[in-house]
Every structure is written in structure tokens, then in C-alpha cells.
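The values are calculated or read from the model by the stated rules, or taken from the named source; none is laboratory data. These numbers were taken from a predicted model, which means no experiment stands behind them. A quick note on method: Cβ atoms are made from the backbone with ideal geometry, for glycine too, and the neighbour counts reach across all protein chains shown. Ligands, DNA and RNA are excluded from the accessible area calculation, which covers all protein heavy atoms including side chains. Shrake-Rupley method; radii C 1.70, N 1.55, O 1.52, S 1.80 Å.
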Amino acid sequence: MSSRIEQLIGEIEEYIDSCKPQFLSSTNILVNKEELEELLVELRLRIPDEIKKYQKIISNQDAILSEARTQADAMLAEANAQTNELVNEHEIMQRAVSEANQVIEDAQAQAQAIIDNAMADAEGIRQASINYTDDMLRSLQTIISHSMETSQSRFESFFASMQSTYDVVTSNRNELAGGVSNETEEMPAEQQ
């Protein structure tokens, strides 16, 4: 926060900047004497107040420095306490990390044992499944083989029966064919 003296100096500078230059001069300006004097009078009145304020600050310097040292010592003590706390927390953290690592190692060992047991069980189940499937296929193979033998035997019997019937039919036709030819030859030429 700026003091009133600084504000007044700023106002004087602004006033000077706002004044018109003197005719045919680049450095001289025309000023309103009353306005400038008002600003300067207020500046003179304010200077003693500011000086008193700064003298008071200087006179209180020892008290301010003492209070600052007290605050600095308190802050340092608090920082030391926090450092000690952090060191203790760090040790606790290290113990916690060590315990957590041990828990993780134990859990990993248990998980590996469970996985190994599961793999062994799965392998046993797989082998048992293969053996069971092979037994079922062997039984099916036996049934199919027996069915094929039985079917072939029946088919051969059926085929022999059909062949016998076929031979009888062929023989009968041959006999009929022989009788038809003879009758045709014996018939008179007129009837033919």
C-alpha cells in the first residue's frame, strides 16, 4: 500500500505531464501556479506525519526484531518437531513397507501353491477324461465291429436266399421260353 506522499508525488508528475508546452520550446511548460502550490503544500504537510511514522517504526525496531526472532525461533522449533515426526513416520513407513513386502511374498507363494495344485488337478482330470473317452470309443468300436459282422452275416444269408430265388426264377423263365418256342414251331403255317 503506497503512502500519501507517494500518491502526491504521483499527482504532481501527472499534473506536470498534463501541462501545455511553452510556445516554441520543447522543455519549458506553462503551469497553473495555484494548483501546483496546493499539491506542494499538502506534500509539505504530509512529510512530517510520514517522518513521524517512520521514526516510530525505527524506535520500535528492537521490539519488532525481538518479536521476529521469537517468531523465527518458534517456527524453527516447529520445523524441528515436524522433522522429528517425519523421521519417525519414515521409520514407521519403512517397517510398514517391509511388512507389506513380506505379506506380498507370502501371498505370492500361496498363490503359486494354489496354481500348482490346480495345474496338477487339471492334469489329472485331463488324463482321466482321455482314459474315459478312450474306454467309451473302445466300447463303441467293439459294438460297431460286432454290428458289422452280424450285418455282413445276415446280408450274406439274405444275398444267398435272393440268389437262390433269382436262380429259380431264371430257371423257370428258361423253361417257359423253351416251351413257347416249341409251340410256335408245331403250329400250322396258316395260323401263324
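Couple of notes before you dig in:
- Residue within the range 9-17 that is in a helix (DSSP H, G or I), modelled with pLDDT of 85 or more, open to solvent by 90 Å² or more (accessible area, probe 1.4 Å) and not charged (D, E, K, R) present: no
- Within the option set I144, I125, being surrounded by 10 or more Cβ atoms within 10 Å (Cβ to Cβ), part of a helix (DSSP H, G or I), β-branched (V, I, T) and under 53 Å from the mean Cα position of the chain (by Cα) holds for one residue only, I125.
- Summed over the range 24-73, residues that are open to solvent by less than 70 Å² (accessible area, probe 1.4 Å) and within 60 Å of the chain's Cα centre (by Cα) total 3.
- D116 free of Cβ contacts under 8 Å to residues at least 12 places away in the same chain, of a type outside the set (A, V, I, L, M) and surrounded by fewer than 10 Cβ atoms within 10 Å (Cβ to Cβ): no
- Scanning the range 79-101 for any residue that is surrounded by 10 or more Cβ atoms within 10 Å (Cβ to Cβ), over 29 Å from the mean Cα position of the chain (by Cα) and closer than 30 Å to I57 by Cα turns up at least one such residue.
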